[in-house]
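The values are calculated or read from the model by the stated rules, or taken from the named source; none is laboratory data. Everything numeric in this text was worked out from a predicted model, so none of it was measured. As a convention, Cβ positions derive from the backbone with ideal geometry for all residues, glycine included, and neighbour counts pool all protein chains shown. Quick note on the areas: whole protein, heavy atoms, side chains included, nothing else; ligands and nucleic acids left out. Shrake-Rupley method; radii C 1.70, N 1.55, O 1.52, S 1.80 Å.
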Amino acid sequence: HAIGTYTAGGSLHGTLWRVIDTIGFEDSCLPQDEVARLFGAFADDCMDGVDAFLFVVKWGRFKPEHERALDAFASNAGEDALRHTLLVFTHCDVDNLDAILASDAAPKSLRERWLPRLAGAVG
């Protein structure tokens, strides 16, 4: 399908939800200015604001391209948006994610540079 921003909505337990899937900053062959333009298109779908951003990474794969994507996200959405961002690990089957992320088992940049700036991490 075409590269862009996709919006879906619905109700769950009486609460209205809107999910917006935007273009990734590092997973496109488009020029960065076009990626930034397409990312910014989500603003039209959330005039009432955003409660949370989800940054999805496969468990065990936090790499320099993910850092570049978080840098680009912070540049485009603002540093404040990071405090509303959850790092979501897919394929994560660990008993104590918080302990692992706080240990030397997690990449140093993730531990020291990103986790303190994010709302949290789940997996």
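Can you go through LEU97, LEU82, LEU86, LEU70 and tell me which one is at pLDDT 85 or above and within 17 Å of ARG18 (Cα to Cα)? Walk me through how you get there before you give the answer.
Details: LEU97 fails: within 17 Å of ARG18 (Cα to Cα); LEU82 fails: within 17 Å of ARG18 (Cα to Cα); LEU70 fails: within 17 Å of ARG18 (Cα to Cα).
Only one candidate qualifies: LEU86.
May I ask you to list the residues in the stretch 75-119 that are in contact with a Ser or Thr (Cβ under 9 Å, 6 or more places away or on another chain) and either of a type in the set (Asp, Glu) or touching a residue at least 24 places away in the same chain (Cβ under 8 Å) (or both)? Talk me through it step by step, then tell me what you get.
Let us first name the residues in the stretch 75-119 that are in contact with a Ser or Thr (Cβ under 9 Å, 6 or more places away or on another chain), namely 77, 111, 117-119.
Result: ALA77, ARG117, LEU118, ALA119.
So, in the stretch 85-101, of the ones that are of a type outside the set (Ser, Thr, Tyr) and within 24 Å of VAL35 (Cα to Cα), which residue ends up surrounded by the most Cβ atoms within 10 Å (Cβ to Cβ)?
LEU87
Mind telling me which of the residues ALA43, ALA36 ends up being surrounded by 10 or more Cβ atoms within 10 Å (Cβ to Cβ), at pLDDT below 75, more than 27 Å from LEU97 (Cα to Cα) and within 16 Å of the chain's Cα centre (by Cα)? It would help to see each step written out before you state the result.
Values: ALA36 fails: at pLDDT below 75.
One residue alone meets the criteria, ALA43.
Can you tell me which residues in the stretch 39-88 are basic (Lys, Arg) and touching a strand residue (DSSP E or B) at 6+ places or on another chain (Cβ under 7 Å)?
Restricting attention to the stretch 39-88, the residues satisfying the condition of being basic (Lys, Arg) are 58, 61, 63, 68, 83.
LYS58 - this is the single residue of the stretch 39-88 that is basic (Lys, Arg) and touching a strand residue (DSSP E or B) at 6+ places or on another chain (Cβ under 7 Å).
Suppose we keep only residues that are of a type in the set (Gly, Ala, Ser) and over 14 Å from the mean Cα position of the chain (by Cα) within the stretch 46-65. Which one would you say is surrounded by the fewest Cβ atoms within 10 Å (Cβ to Cβ)?
Narrowing the stretch 46-65 to residues of a type in the set (Gly, Ala, Ser): 49, 52, 60.
Within this subset, residues satisfying the condition of being over 14 Å from the mean Cα position of the chain (by Cα) are 49, 60.
On the way: GLY49: 6, GLY60: 12.
So the residue we want is GLY49.
Which count do you get for residues in the stretch 107-119 that are open to solvent by 20 Å² or more (accessible area, probe 1.4 Å) and more than 13 Å from ASP80 (Cα to Cα)?
Final tally of qualifying residues: 7.
Just need a number here: residues in the stretch 66-84 that are open to solvent by 70 Å² or more (accessible area, probe 1.4 Å) and under 23 Å from ASP104 (Cα atoms). Even if it seems obvious, please write down each step before you answer.
Step one: list which residues in the stretch 66-84 are open to solvent by 70 Å² or more (accessible area, probe 1.4 Å), which gives 68, 75-76, 79-80, 83-84.
Retained after the next criterion (residues that are under 23 Å from ASP104 (Cα atoms)): 68.
Residues flagged as open to solvent by 70 Å² or more (accessible area, probe 1.4 Å) and under 23 Å from ASP104 (Cα atoms) within the stretch 66-84 amount to 1.
From the list ASP27, ASP104, which residue is at pLDDT 75 or above and exposed (fewer than 15 other Cβ atoms within 10 Å of the Cβ)?
Numbers: ASP27 fails: at pLDDT 75 or above.
Going through ASP27, ASP104 in turn, the sole match is ASP104.
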